[in-house]
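The values are calculated or read from the model by the stated rules, or taken from the named source; none is laboratory data. The shown structure was predicted, so the numbers you read here are calculated from the model rather than taken from an experiment. Cβ sites come from the backbone with ideal geometry, for glycine too, and all protein chains shown count toward neighbours.
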Amino acid sequence: MNAIVDVPAPPHDHKITVRDVTFNITDDSPKYWFDNDPFKTHFFNAFFTTFPPGEEFFVRSVIHYRGEIDDEKLQKDITGFATQEGHHSRCHQDHLDVLTRQGYTSLERENKLIDILGKWANKKYPKTSLVNTLALEHFTALLAHQSLVDPERFVDPAHEDFVPLFKWHAAEEIEHKAVAYDVYMSIDGRYWPRVFAMIGSTIGLITILPIRMAPLLYKDGLLFNVKTWFNGMRFLFGRNGMFVKPWKHYFQFYKRDFHPWDVQDYALIEELQAVYESGELLDIAK
Ligand SMILES: [Fe+2]
Ligand SMILES: [Fe+2]
């Protein structure tokens, strides 16, 4: 077994804290809850609701290799990672249930398919599943980073029912961003599978999100509305767009000696951790 990679100094020793929270996302929450905008809202609806089957896939992918890990700290981190992701799945499923009741039923059906494919991949191709997990975890970490460095654009426009969910999930994605990576480096660590996984994951995400969004926009009579798409594309791919601004962060993954903590963004979540500890965010969430 390879030794665990050398991780940059702090925050290697940080603890992954499990925060069992629930949120106030209900049938009474506004339909267009992000910036009162259908495209942006449905982008987040499509993206967030992949988490229940997606993060369960991540957890199975990592847990599969648990028996091959000697490092005590990494064992603890695996537990923290799996438990955090379990809570994320549950909270995003609550959101999905609201959407299903609102008549956006395609997401739940698509999730069943993602779940079947994920379980099949875990069983047949455990290493490919793991390496794809760390590629997708890089995505969640960079989008989390993006949200927390630019909240005016990527968090604050959300309705107050959703803001705590954004912050909580973003903080925990940063907190556990290296776990799948460290497990992979401990059991294999080859460079090229990691690169191919990232290329495949990027294509997969770019493909799956519009596929998931289309029925939502269609239901609202907006699928062929040029203005809706123009504004939405600007939000995602325009200047400072969600998928444009973090390009440097994205490409770091392709460096041979990359490690998730090369991006030293732990400070971004220390403030939020303090808020949690004071109970303030939980008060909003409950
Ligand atoms: Fe998560
Ligand atoms: Fe994650």
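Key figures
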quantity	calculated
Flag for G118 being out of contact with any Asp or Glu (no Cβ under 6 Å at 6 or more places or on another chain) and within 16 Å of ligand 2 (Cβ to nearest atom)	yes
In segment 63-78, the residues that are of a type in the set (D, E) and in a helix (DSSP H, G or I)	E68, E72, D77
Candidates F58, F43, F81, F47 - the one that is in a helix (DSSP H, G or I), within 14 Å of ligand 2 (Cβ to nearest atom) and under 21 Å from P157 (Cβ atoms)	F47
I69 in contact (Cβ under 8 Å) with a residue 60 or more places away in the chain, surrounded by 15 or more Cβ atoms within 10 Å (Cβ to Cβ) and β-branched (V, I, T)	yes
Residues that are surrounded by 22 or more Cβ atoms within 10 Å (Cβ to Cβ) and part of a loop (DSSP other than H, G, I, E, B), drawn from segment 159-190	F162, H176, K177, A178
From the options R212, R190, R234, residue that is among the charged types (D, E, K, R), closer than 19 Å to K255 by Cβ and more than 16 Å from ligand 1 (Cβ to nearest atom)	R190
Residues located in segment 267-286, provided they are touching a helix residue (DSSP H, G or I) at 6+ places or on another chain (Cβ under 8 Å) and either outside any helix (DSSP H, G or I) or at pLDDT 75 or above (or both)	L268, I269, L272, Q273, V275, Y276
Matching option when the condition is over 27 Å from R194 (Cβ atoms) and either more than 16 Å from ligand 1 (Cβ to nearest atom) or in contact (Cβ under 8 Å) with a residue 24 or more places away in the chain (or both), among F39, F81, F57	F39
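One line per residue, one yes/no per condition, for (1) within 13 Å of ligand 1 (Cβ to nearest atom); (2) more than 19 Å from the chain's Cα centre (by Cα); (3) not β-branched (V, I, T):
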{"position": "E85", "(1), (2), (3)": "yes, no, yes"}
{"position": "Q93", "(1), (2), (3)": "yes, no, yes"}
{"position": "A121", "(1), (2), (3)": "no, yes, yes"}
{"position": "P126", "(1), (2), (3)": "no, yes, yes"}
{"position": "A144", "(1), (2), (3)": "yes, no, yes"}
{"position": "V155", "(1), (2), (3)": "no, no, no"}
